[in-house]
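Worksheet for the structure shown next.
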Amino acid sequence: MVATPDIIPSDLTLEIGDDISPDRFVAAARAFFGYVNELAKMLAPEGDEPHWRVLVRDGSSLLAVEAPSTPPEILSAIYTRAEDSLSALIRGSVEDANLSEPALRHAKTLSGLSEGTKDRPLPLRVWVRRKPVEVRPEIARTIEEDWRADYNDYGTIEGRLETIQDHEGSLRLQVRDSLFRQNVRCYFDEGKLPFAFSAFRKRVEVSGIIHYRKNGTPISIEVSQIDTLPDDSELPSAADVRGLFKATP
């Protein structure tokens, strides 16, 4: 059964077609919630991301989210980006989609699921303000093609070191980039591990070969150097700076 606007439970809802296996249903749900959460991280002020509440309509395959305590202007920005980004991907433009790397991965997962199995497509639609945007298989192909068109260059990123992990035999950091507001994977050698631990949850500057998407968004970096930066609380305030200027002859 195809959903109609009158049965959509919220301003941001995923409609999943009938005859879907439990594991694919769970995969679609995770990708949708992941997509929504990444949009919130990009658009909501840090620390003020929406606390989503999930709504499930009885007798349907509709998964909806709402955040009643979040300011309307933040939700409006998230809803608009959710619709505009999917529409841009359908048109074949990853750059116009303006999404973080994790958000693109979730959109790609949804798109892949829409291909269905055994020549039976799985209808997937994201309803934004009760208007549907169809999730099509070509979205995944657009993202794959864009990822193949990326480039490398030496550079520096700044952000907060949030994660240190051993990933498939290689050491990896996750630094939350302060400009793009997304996590960048940082690969480094064993010798830098003690310094990485000392810099955990601090602002850092990481230099090395950066792997970019073609729109300039950093994806990962092969680390040659890590330096700690002063925390925001350690930087002089505007009043301090004015005082310095007054003291200058």
Along segment 83-93, Karplus-curve 3J(HN,Hα) (6.51, -1.76, 1.60; θ = phi - 60°) to the nearest Hz, with x for Gly and Pro, reads 6, 5, 5, 5, 5, 5, 5, 5, 6, x, 10
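At a Förster distance of 51 Å, what's the computed FRET efficiency of Phe25 paired with Glu162, Cβ-Cβ distance as r, to 0.05? Write down the numbers at each step before the final one.
Details: r = 31 Å, r/R0 = 0.60.
After rounding, the FRET efficiency stands at 0.95.
Rank the residues Val135, Val126 as a footprinting-exposure proxy: fewest other Cβ atoms within 10 Å of their Cβ go first.
Ranking Val135, Val126 by Cβ neighbours within 10 Å, fewest first, gives Val126, Val135.
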For the Cα atoms of the chain, what angle does the longest principal axis make with the long axis of helix 101-114, in degrees from 0 to 90, nearest 10?
20 degrees
Considering amide H positions built from the backbone, and no H for Pro or chain starts, which residues 5 or more places from Ser224, or on another chain, come under 5 Å of its amide H?
Ser207, Gly208, Ile209
Assuming a ≥ b ≥ c are the square roots of the Cα gyration tensor eigenvalues, decide whether the chain counts as rounded (a/c under 1.5), prolate (otherwise, with a/b larger than b/c) or oblate.
prolate
Helix 238-247 against the longest principal axis of the chain: what's the angle in degrees, Cα atoms only, rounded to the nearest 10?
30 degrees
Checking rank on 84-91, 47-54, 105-112, with mean other Cβ inside 10 Å and highest first, the result is 105-112, 84-91, 47-54
Beta bridges per DSSP with both ends in segment 151-234, % antiparallel, nearest 5
90 percent
Give me the one-decimal nm value for the distance between modelled label points at Asp96 and Lys118, 7 Å along each residue's Cα-to-Cβ direction.
3.8 nm
Per 5 Å bin from zero, what fraction in whole % of the C-alpha pairs of segment 5-148 is there, up to the bin with the longest pair?
2, 10, 21, 24, 21, 14, 7, 2, 0
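Mind sorting Asp96, Asp177 by how few other Cβ atoms lie within 10 Å of their own Cβ, fewest first? Before the final figure, lay out the partial values.
On the way: Asp96 14, Asp177 17.
Least to most surrounded, the residues fall as Asp96, Asp177.
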Applied in sequence order to segment 131-148, the curve 6.51 cos²θ - 1.76 cosθ + 1.60 (Karplus, θ = phi - 60°) yields integer Hz couplings, x standing for Gly and Pro, of 10, x, 10, 6, 8, 10, x, 5, 4, 4, 5, 4, 5, 4, 5, 5, 5, 6
At the level of C-alpha centres, the distance separating segment 10-27 and segment 111-140, in angstrom, is 10 Å
Compute the convex hull volume of the Cα atoms of segment 151-234, divide it by the residue count, and report the result per residue in Å³ as a whole number.
85 Å³
At 222 nm, what value in deg cm²/dmol follows for the chain if DSSP H runs of at least 4 each add -39500 (n - 2.57) and the sum is divided by all its residues, to the nearest 500?
-11000 deg cm²/dmol
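Taking 25 Å as R0, compute the FRET efficiency from the Cβ-Cβ separation of Phe33 and Glu138 and round it to 0.05. Please list the in-between numbers first.
Working: r = 23 Å, r/R0 = 0.92.
For R0 = 25 Å, the calculated efficiency reads 0.60.
Read-outs throughout are calculated quantities, based only on the coordinates presented, and are distinct from any laboratory measurement. This is a predicted model, so every value here is computed, not measured. Backbone-built Cβ (ideal geometry, glycine too); neighbour counts: all protein chains shown.
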